[in-house]
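Data first, discussion second: the structure below is written as structure tokens.
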Amino acid sequence: MRLSRTRCLLTLLLLPLWEMGCSGLSFNSVPLPPVGTYQRSCEGGAHHRQRRSWVWNQFFVLEEYTGDEPLYVGKLHSDVDKGEGQVKYVLNGQGATSIFTIDENTGDIHATKRLDREEQAYYTLRAQARYRENNLPVEPESEFVIKVQDINDNEPKFLDGPYSARVPEMSPVGTSVVTVVATDADDPTYGNSARVIYSILEGQPYFSVEPKTGVVKTALPNMDREARDQYLLVIQAKDMVGQMGGLSGTTSVMVTLTDVNDNPPHFSRKSYQFSMSESLPVASVVAKIKTLDSDVGPNAEMEYRIVDGDGLGLFRITPDRDTQEGLVTLQKGLDFETKSSYTLRVEVSNRNIDLRFLSLGPFSDTATVRLIVENVDEPPVFSLPLSKMLISEAAKVGTTIGTVSAHDPDSTNSPIRYSIDRNTDLERFFNIDATTGVISTAKPLDREVNAIHNITIFAMESLDPLQVGKGIILITVTDINDNAPVFAIDYETYLCESARPGQVIETISAIDRDEPQSGHRFFFSLTAEAAGNLNFTLRDNKDNTASVLTMRGGFQRHDQTMYRLPVFIMDGGSPALSSTNTLSIRVCDCDPDGAPQSCGSEASMLSAGLSTGALIAILACILTLLVLVLLIVTMRRRKKEPLILDEERDVRENIVRYDDEGGGEEDTEAFDMVTLRNLKVVRESGGKTRRDVTPEVPTLFLSSRPPPDNGIFRDFIWDRLKETDVDPSAPPYDSLQTYAFEGSGSAAESLSSMDSLSTDSEQNYDYLSDWGPRFKKLADLYGHSGDGNLFAS
């Protein structure tokens, strides 16, 4: 940084500035080794010269300072400052005013907080001297660094711990197990605070650790997993190269010894004895032999074999996949009466052998196994489990087919009785002698119905009926020539009217239900009656087929629509059998390709002159007549329905209902029609009439008063009757018409009961007071209280 002509560059010093004859800003701190370079130049006179020297541009401050006073860092000073108070010092940058403060008068820098190098190793700040009066800079800002000096305040840590490791048993000394790594947060470039040394605190004398690398190794030979399979180690890491006063950290290492095949297998005993039933099925396990091996996993897998004994082909030994036990299985059936015991010599060995440990001894062992057969009561056994017999279908009832034989395998040798399982012979074609086992026919046999009979025979011990053996007999029924040949299918033969003489119109074949060993051979011919006909002939093709040919032409449907040709068929059996089959031949009209178009009865109708169009027309006429008949029947049913509409179906809704309460106490004829007519009302209605289809007749009450003159009402009724007769909208049937006509000057006068008390009435209403409090008001109004009329003025 260049100043004015009389000033030089700023100088950063850790020691007091050397007097070099020029002015500038200096930094003083505690004596420490100089860091960095400084370049200084002065300008004076015409000749310029540059001088190179050290630059002290760093301050150092110790971390983790615990004093009560602020920690002194260094001092800023400008040679412009003459000590008169005209210059002040300003500090900016990282931590200025919050961590670091400066005395603006003296330039002393202090740290006000405790610093941690592991959090921040250095701080970059800017210093400047300014005039106090105008705050103008004395010179430009100068940047410097305050570096936090490390102390040993962090112990080594195992970031990946605790550890677990595996090493094979019997490993040699020095076999690497695992590498542990500890880290120290202190400054590795300053002092020995971060230089770590490893040592083992627990786990000796089995394991050791390299002091500088942290590699854990085996320290003893022949460590046996079967004796001890896990070891817990405690590893320490100490800084300051392990010297006194260093910090340390520890971690644990769990070392597991893995298995190797260093132990041979051996039987738990030298001899074994097992019992087994003679009725055990093949592949049954008859013995389980326990074998011991201290190893585990693949090193404990076994192999077994039978090396000697009298049951080499009868038994087999294999290892159990889960328990590695030796399983002795049965390969053939046992028979106590034949042999009651067996002795085997078996050997066991490891499947996976480690050649390094063969010197420890043979990895195999042998033992003797004795197997005792237990006797059981067995069912009878047939000499042949499956017997095959032949019988001709011509055999008579009672013919002997064959004999079955069974015996009791036990020493008791019980007599045997035989029977047939009727579920396999439902129709009872066969019988069996219960004592001798001779099978014979019980019914005639038919090979064409059932050619093979599968019969189950029971053999039962006479002394123990529960012991039953089963045998199978296949009886094959051999064939004889007992079925005549017939047509292979039902032929439908068509003959065209245009057929020529000698034309083949059909090729026929035959079938026979019999099955001769040399195959079928059929012979075809016409019967003697048909041999002389002039219409058709038959030609035997010598290949079990025959051809039907015409002998003439000119066949016409109107002459004959169908011909029947008897065909004689004979087989080649001994004796030969034959049958006569009739071939029906229909005469048809054919197209040019020979395909029939119309035959039989249809042709007859066509010959009568009725075409297809005529038939369709006849069917259409018949359908039309059926439709007309249905319409007539429907109309007649509708006319028979009654014309009087039901009361609930009248859509005009003209029914008039009256809901009158009746007259007063003297008006007992309230529903007399004479007293309800009002001629003025009817005349003012404009001549409109009322037509009620089904009027309701009100209940008439008897009256003691004589009826008035009805002449006016008769006139009213006649007038309405004439209007109805000439009214075109009136219903076309007799109906009852009701009219609400009261007339004028009705003798009934008012129907209200409010004026009843103003008339001379003999009615006594004293009984109302006996009806209770609900009728008290009426009793007060109508009762005789001696005050006379309550409404009198």
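Things worth noting here:
- Among the residues making up segment 247-278, those that are in a loop (DSSP other than H, G, I, E, B) and either on the phi > 0 side of the Ramachandran plot or open to solvent by 20 Å² or more (accessible area, probe 1.4 Å) (or both) are 247, 259, 263, 264, 268, 269, 270.
- Some residue of segment 407-416 being closer than 30 Å to residue 553 by Cα and open to solvent by less than 30 Å² (accessible area, probe 1.4 Å): no
- Remark: pairs (first residue in segment 607-628, within 21 Å of residue 557 (Cα to Cα); second residue at pLDDT below 90 and assigned to a helix (DSSP H, G or I); Cβ separation under 9 Å; 6+ apart in sequence or on different chains) = 612/606; 615/605.
- Hey, residue 286 more than 25 Å from residue 354 (Cβ to Cβ), of a type outside the set (Ser, Thr, Tyr), part of a loop (DSSP other than H, G, I, E, B) and assigned by the TED database to the domain that holds residue 356 or not: no
- For segment 228-237, the criterion of a residue being part of a loop (DSSP other than H, G, I, E, B) and buried (at least 17 other Cβ atoms within 10 Å of the Cβ) is satisfied by no position.
- Lone qualifier among 348, 373 - being farther than 15 Å from residue 293 by Cα, touching a Ser or Thr at 6+ places or on another chain (Cβ under 8 Å) and either in the same structural domain as residue 468 (by the TED database) or of a type in the set (Val, Ile, Thr) (or both): 373
- Failed condition for residue 358, given (1) in contact (Cβ under 8 Å) with a residue 24 or more places away in the chain; (2) of a type outside the set (Ser, Thr, Tyr); (3) not in a loop (DSSP other than H, G, I, E, B): (1)
- Residues that are in a loop (DSSP other than H, G, I, E, B), closer than 16 Å to residue 252 by Cα and either open to solvent by less than 40 Å² (accessible area, probe 1.4 Å) or in contact with a helix residue (DSSP H, G or I) (Cβ under 6 Å, 6 or more places away or on another chain) (or both) within segment 131-183 comprise 156, 158, 161, 180, 182, listed in sequence order.
- Candidates are the residues of segment 197-217 that are open to solvent by less than 30 Å² (accessible area, probe 1.4 Å) and outside any strand (DSSP E or B); the one that is farthest from residue 295 (Cα to Cα) is 214.
- Checking each residue in segment 519-537 for being open to solvent by 30 Å² or more (accessible area, probe 1.4 Å), within 15 Å of residue 579 (Cβ to Cβ) and either part of a strand (DSSP E or B) or touching a residue at least 60 places away in the same chain (Cβ under 8 Å) (or both) picks out 523, 525, 526.
- Segment 65-84: number of residues that are open to solvent by 40 Å² or more (accessible area, probe 1.4 Å), part of a loop (DSSP other than H, G, I, E, B) and in contact (Cβ under 8 Å) with a residue 40 or more places away in the chain: 4
- The single residue among 278, 301 that is farther than 30 Å from residue 159 by Cβ, in contact (Cβ under 8 Å) with a residue 40 or more places away in the chain and touching a Leu at 6+ places or on another chain (Cβ under 7 Å) turns out to be 278.
To keep it simple, each residue is scored yes or no on (1) surrounded by fewer than 17 Cβ atoms within 10 Å (Cβ to Cβ); (2) out of contact with any strand residue (DSSP E or B) (no Cβ under 6 Å at 6 or more places or on another chain); (3) touching a residue at least 40 places away in the same chain (Cβ under 8 Å); (4) outside any loop (DSSP other than H, G, I, E, B).
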site: 317; (1), (2), (3), (4): no, no, no, yes
site: 332; (1), (2), (3), (4): yes, yes, yes, no
site: 343; (1), (2), (3), (4): yes, no, no, yes
site: 346; (1), (2), (3), (4): no, no, yes, yes
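- Selection status of residue 190, closer than 26 Å to residue 61 by Cα and either small (Gly, Ala, Ser) or assigned by the TED database to the domain that holds residue 230 (or both): yes
- Residue within segment 438-445 that is out of contact with any His (no Cβ under 6 Å at 6 or more places or on another chain), under 30 Å from residue 586 (Cβ atoms) and open to solvent by 70 Å² or more (accessible area, probe 1.4 Å) present: no
- Applying a threshold of 8 Å to beta carbon distances and a minimum spacing of six or more residues, or different chains, the list of pairs starting in segment 482-507 at a residue that is of a type outside the set (A, V, I, L, M) and ending at one that is in a loop (DSSP other than H, G, I, E, B) and open to solvent by 70 Å² or more (accessible area, probe 1.4 Å) reads 483/513; 485/520; 501/551; 501/552; 502/551.
- Meets criteria (open to solvent by 60 Å² or more (accessible area, probe 1.4 Å), in contact with an Asp or Glu (Cβ under 9 Å, 6 or more places away or on another chain), in contact (Cβ under 8 Å) with a residue 12 or more places away in the chain and part of a loop (DSSP other than H, G, I, E, B)) for residue 560: no
- Strands (runs of 3 or more DSSP E) completely within segment 399-470 that count 3 or more residues being within 54 Å of the chain's Cα centre (by Cα), over 23 Å from residue 482 (Cβ atoms) and free of Cβ contacts under 8 Å to residues at least 60 places away in the same chain: 452-461
- For segment 281-298, the set of residues classified as open to solvent by 60 Å² or more (accessible area, probe 1.4 Å) and either touching a residue at least 40 places away in the same chain (Cβ under 8 Å) or more than 15 Å from residue 350 (Cα to Cα) (or both) consists of 281, 282, 283, 285, 288, 294, 298, listed by residue number.
The values are calculated or read from the model by the stated rules, or taken from the named source; none is laboratory data. Note that this is a predicted model, so its numbers are computed, not measured. All Cβ positions, even for glycine, are placed from backbone atoms using ideal geometry, and neighbour counts span all protein chains on display. These area figures cover heavy atoms from the full protein model, side chains too; ligands, DNA and RNA do not enter into them. Shrake-Rupley method; radii C 1.70, N 1.55, O 1.52, S 1.80 Å.
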